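Student: Following this message is one structure expressed as structure tokens.
The values are calculated or read from the model by the stated rules, or taken from the named source; none is laboratory data. Remember, predicted model here, so these are calculated numbers, not experimental data. All Cβ positions, even for glycine, are placed from backbone atoms using ideal geometry, and neighbour counts span all protein chains on display.
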């Protein structure tokens, strides 16, 4: 029986990394951790103390009837945040649950999801748990114009059992934001192939390049022949991953509201307390988001300058809070370990995101403290 189980043992890279980290810890070396993905670990805490006190003193939020789509006060707050119709909102416990619900809605066992490559490994895992296969389309770096581009021709390799095209915008980890031409071509392709479009927009509030716009209003695009599902949540929008609230916005040609409600009704996993906090938090997140964007932009300038002096080629991320760095002719896992051992800087090797060799990925969340050895 055990011979059929997946191998969850640490990789050789992971074992080497742990060994170096242990040596640095024993030597009491300070480590600059550019793998931090939690805003709270980076000191970016959204204060909900007053909200918890208010909800404790005003308990009427907990007396509503169960609703698979989410409590009306949460859905109204989310609709106002996105300037959309509350009837199109479905509340979940986070993006992972949103994905799994849509996979069940749109696919049968063995069907295929088209995913961007490079990309975030969690989506592969979720598709596998849902009994689905994945197939890549590609993002390509264009150093001459300093941007990432979707290889639209790679879409045509999609297998006949593809049911979903996944678009991540801003993309993790490249920071790519689709331009108008790419969006129109993707919608056209989905219409031609009868595909649903899932847009993971969890980083949508963090546009770093002022020349780009957030995707935002998919309902206003001229082509409405495609069912579109836009994902977001408090984890990124308000830096509150522990509250566990996500949502699905259904746009375009979508007439399966009852079916999606039935799937979500099977779990009703998002608590009333979480939804009540969501309704109080969302109206005041924009000012806090601007402060985060300011930090992200400053760190992007700093780390791009730092790694370019080491020989990296860099395409500045247009959005999100990750930045990738390309070192020509380098082995990414060896470079990552060397950087950790010699400079005490921890990054992700590109192979974790299915990059070609030579790429490193770093988070832009970490504050730059004066006592950090990088700054003297």
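Student: Quick one: in segment 67-95, which of the residues that are assigned to a loop (DSSP other than H, G, I, E, B) and within 19 Å of residue 265 (Cα to Cα) is farthest from the chain's Cα centre (by Cα)?
Tutor: 67
Student: Moving on. Can you name the residue in segment 260-287 that is under 22 Å from the mean Cα position of the chain (by Cα) and surrounded by fewer than 17 Cβ atoms within 10 Å (Cβ to Cβ) and, of all such residues, is nearest to residue 203 (Cα to Cα)?
Tutor: Only one residue tops the list, namely 286.
Student: Of everything in segment 108-159, what is free of Cβ contacts under 8 Å to residues at least 40 places away in the same chain, in a loop (DSSP other than H, G, I, E, B) and in contact with a helix residue (DSSP H, G or I) (Cβ under 9 Å, 6 or more places away or on another chain)? Give them in sequence order.
Tutor: 130, 131, 132
Student: Can you tell me which residue in segment 343-353 is surrounded by the fewest Cβ atoms within 10 Å (Cβ to Cβ), limited to those that are in a helix (DSSP H, G or I) and under 21 Å from the mean Cα position of the chain (by Cα)?
Tutor: 351
So that you can scan it fast, the table gives a plain yes or no per residue for (1) touching a residue at least 60 places away in the same chain (Cβ under 8 Å); (2) exposed (fewer than 10 other Cβ atoms within 10 Å of the Cβ); (3) more than 30 Å from residue 339 (Cβ to Cβ):
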{"residue": "19", "(1), (2), (3)": "no, no, no"}
{"residue": "37", "(1), (2), (3)": "yes, no, no"}
{"residue": "69", "(1), (2), (3)": "yes, no, yes"}
{"residue": "79", "(1), (2), (3)": "no, no, yes"}
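Student: What is the number of the single condition among (1) buried (at least 19 other Cβ atoms within 10 Å of the Cβ); (2) modelled with pLDDT of 95 or more; (3) under 25 Å from the mean Cα position of the chain (by Cα); (4) in a helix (DSSP H, G or I) that residue 340 does not meet?
Tutor: With respect to (1) buried (at least 19 other Cβ atoms within 10 Å of the Cβ); (2) modelled with pLDDT of 95 or more; (3) under 25 Å from the mean Cα position of the chain (by Cα); (4) in a helix (DSSP H, G or I), residue 340 is out only on (3).
Student: Here's something else I'd like to know. For residue 56, indicate whether it is surrounded by fewer than 12 Cβ atoms within 10 Å (Cβ to Cβ) and assigned to a helix (DSSP H, G or I).
Tutor: yes
Student: Regarding residue 99, is this residue assigned to a helix (DSSP H, G or I), under 30 Å from residue 325 (Cβ atoms) and touching a residue at least 24 places away in the same chain (Cβ under 8 Å)?
Tutor: yes
Student: Looking only at segment 160-192, count every residue that is assigned to a helix (DSSP H, G or I) and within 30 Å of residue 365 (Cβ to Cβ) and tell me the total.
Tutor: 4
Student: Could you tell me whether residue 165 is over 21 Å from the mean Cα position of the chain (by Cα), crowded, with 21+ Cβ neighbours inside 10 Å and at pLDDT 95 or above?
Tutor: no
A quick yes/no check of all residues on (1) modelled with pLDDT under 95; (2) within 19 Å of residue 79 (Cβ to Cβ):
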| site | (1), (2) |
| --- | --- |
| 252 | yes, yes |
| 257 | yes, yes |
| 265 | yes, no |
| 268 | yes, no |
| 274 | no, yes |
| 281 | no, yes |
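Student: Can you tell me which residue is nearest to residue 120 (Cα to Cα) among those in segment 310-337 that are out of contact with any helix residue (DSSP H, G or I) (no Cβ under 6 Å at 6 or more places or on another chain) and assigned to a helix (DSSP H, G or I)?
Tutor: 336
Student: Return a yes/no flag: does segment 58-66 have any residue that is under 30 Å from residue 366 (Cβ atoms) and in the same structural domain as residue 128 (by TED's automatic domain parsing).
Tutor: For segment 58-66, residues under 30 Å from residue 366 (Cβ atoms) and in the same structural domain as residue 128 (by TED's automatic domain parsing): absent.
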